[in-house]
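Below is one structure, written out as structure tokens; comments come after it.
The values are calculated or read from the model by the stated rules, or taken from the named source; none is laboratory data. Predicted model only: the values in this text are computed from it and were never measured. Counting neighbours? That spans all protein chains shown, and the Cβs are built from the backbone with ideal geometry, glycine included.
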Amino acid sequence: MSIAANKFKGIRAANIYDEQTARLAKEHNLANVITFGARTHTKKQVFHLLDTFMMTEFESRHQKRIDKISEIEEI
């Protein structure tokens, strides 16, 4: 799902599978779409990981990475 979502301009989708990936998706990549494996997570786990993602702040020191991703979209 995240692979398909990333085909669209402006989308930075990440597949989340634990707390670390939930945090890093936001902190480092400013993900604006997240996906979960339906067969690998319970509803309770998904809500916990979603909360982790939503409570995490983007670290602006990674803005150059986001700018590079945006440049690629313009090609």
Query raised in the report: When both residues are 6+ apart or on different chains and their Cβ atoms are under 7 Å apart, which pairs have a first residue that lies in the range 16-27 and is over 16 Å from I66 (Cβ atoms), and a second that is part of a helix (DSSP H, G or I) and of a type in the set (A, V, I, L, M)?
Result: I16/A22; I16/A25; I16/L49; E19/L49; A22/L49
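The rows are residues; the columns are (1) surrounded by fewer than 10 Cβ atoms within 10 Å (Cβ to Cβ); (2) among the aromatic types (F, W, Y); (3) modelled with pLDDT of 95 or more.
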residue	(1), (2), (3)
K7	yes, no, no
E19	no, no, yes
A25	no, no, yes
V33	no, no, yes
R65	no, no, no
Report task. Looking only at the range 1-47, count how many residues are out of contact with any Ser or Thr (no Cβ under 7 Å at 6 or more places or on another chain) and of a type in the set (D, E, K, R). Result -> 7
